[in-house]
Amino acid sequence: MEHRIIDQQLDLLRDKILLLGGATEAAVNRAMQALVERDTELAKRVLDEDKVIDQMELEIDQMSIEILALQQPAAHDLRFVISVAKITPILERIADHASSIAEAAIVLNNEPQIKNYVDFPIMAKTAAEMLRSALDAFTSEDSQLSREVIKRDKEIDSSYKRVFNELLEMMIDNPSSTTGAAHLLFVAKHLERIGDYVKDICELNVYLTEAAFIKHSKHS
Amino acid sequence: MTEAATVHSKRRITNLVMTSLTAICAVFATTVLLIILGFIAYQGISSISWEFLTDTPKPVGEGGGIGNAIVGSAMMTLLAAIIGLPVGIAAGVYLAEFGKNWYGNTIRFIADTLIGVPSIIIGIFIYTVVVMPMGRQSGLAGGLALAIIMIPIVARTTEEMINLVPNSMREGALALGAPQWRVSWNIVLPAAMSGIATGAMLAIARITGETAPLLFTALNSRFYNFYYDQPMSSLTVQIYNFATGPFEVEHAMAWAATLLLVGFILFINIIVRYLTRKKH
Amino acid sequence: MQSKISIKDLDFFYGKEQALFNISLEIPEHEVVAFIGPSGCGKSTFLRTLNRMNDTIPIASVSGQVIIDGKDIYAPGTDVVALRRKVGMVFQKSNPFPKSIFENVAYGIRINGIHSDREDMNRRVEKALRDAALWDEVKDRLTTSAFGLSGGQQQRLCIARALAVQPDVILMDEPASALDPIATQKIEELVVELKKDYTIVIVTHNMQQAARVSDRTAFFMLGKLIEYNPTQKMFTNPDEKLTEDYITGRFG
């Protein structure tokens, strides 16, 4: 019964945001891999590919504005375009955090390993899983899944606290490790921020499917 | 030649033949009309003079004119208009605004029938109900007969014209809280006025040309008569008298009077053309 | 919320054919309520039940209640003339009377005998024209024919004409559908402005227009009220699938 001009454009927009999501997810995974496996080349690749991600963000922005201006979407269509327009910069920022992790990896890889990365891979795994689930939830418009992902942010927060205390003790016990520990602290902070951003994406997923604003409300 | 081409050329020839045929008919119709008008003008123009327009008929050979007939026609047409227009227009307004019921349908049917009735029958009717009781023919009877002819024509054209007024205009007034009669009177009637005026003019042109209803009712008069209770002369009856007379001079005067009458009707039609053109 | 008009279980018939089915709706005072829906959905018919304009159709019949300010307008003995003075109407096609600009506005005042003297009449006509945002454009040619105005001006004249009789409610039946975008914008601004003093019900085919001017939107289909919600809810997250399909253009 339907064959709307807007459908084509919405499909294209969906493809683009999924590509951006995929690229962001890959950037986070690779940055962490570069850190854990001390792979400086991989870290440099993450930094290079950030430019591609910036370009993708720009394209999606333009397309969202164009659809809003020319197709005047309403109801679900409107919520979809708005969600995409709001998720895009979040993904871009996640990718920026991945770049920062990659930069830290390059520095740390030149120093002796100061700590066994145990908590980091767990934290990174949680963040990556959350991001993947959030993007899946967006694709399938599954608000239930989104709400579950939001709850997982607490796991990252507690990992961060643990890592923070550990690194702090290390700096006090062994002042020579301060530089490396400080970089690691930043990496932990980046992962913690990524968790927060994923949470934002999930909140937008809930808006898309249920038209409900759950941001800033306790009952998520 | 292919079959399609044959069909095509056949169709073209048929088209050409039919178009030419209708064009010839149109030319024929207008030519006849022009010949009649030209003939009337040719025969009539020589007899028209100031004396002819102002004098009364005189015995053959002494000249005379149709002044009294012009006055008579004017007076009877005026009387018919005074009676016929208000009644006809009011009836038309009723039919258009309130007549969507059995009563309106009945009136509409009667009006249509009346329009189709030969006018001499109207003359006989008036003869029976006016002339016989009064004991003589009169301008009043003539005017009444013309009014009766006029009323259904005016009523039906008024109805048509009012129906042309967009319904949205009525609704606009009703929505302001105007009662139905005010809507008809203040909004619809003024909006239809130029059309109604056109209808009225055509009705006047029509009755000016009537002879039959006047023969029994107004009869004729050889003198100027300004009283409605006396027999009255009219152009049409005068033409009839002149034309049936034995003398050549009378025939010439009949032609001249005819020219006058046709000229008047033509004049009204031109006014109507002007009125309707202004509307668009 | 203070209901100005309250419609209860309204059915409407053209002869034996039912055109509206069991409609119930509350219209709050000083709000703009938009009726949307595909052609023939009954939204105009419904609008016309609110000032009994459907009375002019002999075969039309109504059951249910339309309560305006606590009174059922379909109760026996209702003064239809007084009702129409209270509930004004503006039509799809501008329909000025074949009179001067001044007389068009004065007509309703005159037939309802609202004015006290000539000066009062002048004042009222000017106020109505000002309220309809037309005064500045016509003040120098009040005695000229209303037909000399542009389409948009004619429509605002019709609004001024409706305002002149001091109604509480104004019904607008696609008031801008025959106008160009600039004239449309003026009408829309006017609607929002008039909301302060009047309760407005507007039928429109233009969904963006409904979204722009109305506080609440009612969606009709096949004579039924499908959904009635605050406009922002209607256009971002309608309750009904049918509404969503309609406002996003999924009807083929």
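Checking each residue in region C:36-84 for being more than 23 Å from residue C:108 (Cα to Cα), of a type in the set (Val, Ile, Thr) and surrounded by 15 or more Cβ atoms within 10 Å (Cβ to Cβ) picks out C:36, C:45, C:62, C:66, C:67. From the list C:176, C:162, which one is closer than 28 Å to residue C:121 by Cβ, of a type in the set (A, V, I, L, M) and buried (at least 18 other Cβ atoms within 10 Å of the Cβ)? C:162 is the lone residue from the list that is closer than 28 Å to residue C:121 by Cβ, of a type in the set (A, V, I, L, M) and buried (at least 18 other Cβ atoms within 10 Å of the Cβ). Within region C:89-139, restricting attention to residues that are in a loop (DSSP other than H, G, I, E, B) and among the hydroxyl-bearing types (Ser, Thr, Tyr), the residue that is surrounded by the fewest Cβ atoms within 10 Å (Cβ to Cβ) is C:116.
Taking region B:174-186 as the range and being at the interface with another protein chain (Cβ under 7 Å from one of its Cβ atoms) and either assigned to a helix (DSSP H, G or I) or surrounded by fewer than 21 Cβ atoms within 10 Å (Cβ to Cβ) (or both) as the test, the residues that pass are B:174, B:179, B:182.
Flag: residue C:71 does not match the condition of being of a type in the set (Lys, Arg), more than 8 Å from chain B (Cβ to nearest Cβ) and within 13 Å of the chain's Cα centre (by Cα).
Inspect all residues belonging to region B:121-143 and state whether any of them is of a type outside the set (Val, Ile, Thr), free of Cβ contacts under 8 Å to residues at least 60 places away in the same chain, in a loop (DSSP other than H, G, I, E, B) and away from chain C (no Cβ under 14 Å). Yes, region B:121-143 has at least one match. Exactly one residue out of B:222, B:206 is away from chain C (no Cβ under 14 Å) and not in a helix (DSSP H, G or I), and it is B:222. The set of residues from region A:83-125 being modelled with pLDDT under 90, surrounded by fewer than 23 Cβ atoms within 10 Å (Cβ to Cβ) and within 22 Å of residue A:145 (Cβ to Cβ) comprises A:122, A:125.
In region C:174-216, of all residues being over 12 Å from the mean Cα position of the chain (by Cα) and hydroxyl-bearing (Ser, Thr, Tyr), the one that is nearest to residue C:68 (Cα to Cα) corresponds to C:214. Determine if region B:261-277 includes at least one residue that is in contact (Cβ under 8 Å) with a residue 24 or more places away in the chain, within 18 Å of residue B:63 (Cβ to Cβ), hydrophobic (A, V, I, L, M, F, W, C) and assigned by TED's automatic domain parsing to the domain that holds residue B:73. Among the residues of region B:261-277, not one is in contact (Cβ under 8 Å) with a residue 24 or more places away in the chain, within 18 Å of residue B:63 (Cβ to Cβ), hydrophobic (A, V, I, L, M, F, W, C) and assigned by TED's automatic domain parsing to the domain that holds residue B:73, which makes the answer no. Name the single residue, out of those in region C:182-211 being surrounded by fewer than 18 Cβ atoms within 10 Å (Cβ to Cβ) and either small (Gly, Ala, Ser) or within 14 Å of another protein chain (Cβ to nearest Cβ) (or both), that is nearest to residue C:85 (Cα to Cα). Out of the qualifying residues, it is C:206.
Residue selection: residue C:227 satisfies the criterion of being under 18 Å from residue C:24 (Cα atoms) and either part of a strand (DSSP E or B) or within 11 Å of chain A (Cβ to nearest Cβ) (or both). Being part of a helix (DSSP H, G or I), touching a Ser or Thr at 6+ places or on another chain (Cβ under 9 Å), over 20 Å from residue B:211 (Cα atoms) and not aliphatic (A, V, I, L, M) is true for just one of B:92, B:72. Which residue is that? Criteria check complete, one pass: B:92. Small (Gly, Ala, Ser) and surrounded by fewer than 16 Cβ atoms within 10 Å (Cβ to Cβ), is that true of residue B:72? No, not satisfied.
The values are calculated or read from the model by the stated rules, or taken from the named source; none is laboratory data. Remember, predicted model here, so these are calculated numbers, not experimental data. All Cβ positions, even for glycine, are placed from backbone atoms using ideal geometry, and neighbour counts span all protein chains on display.
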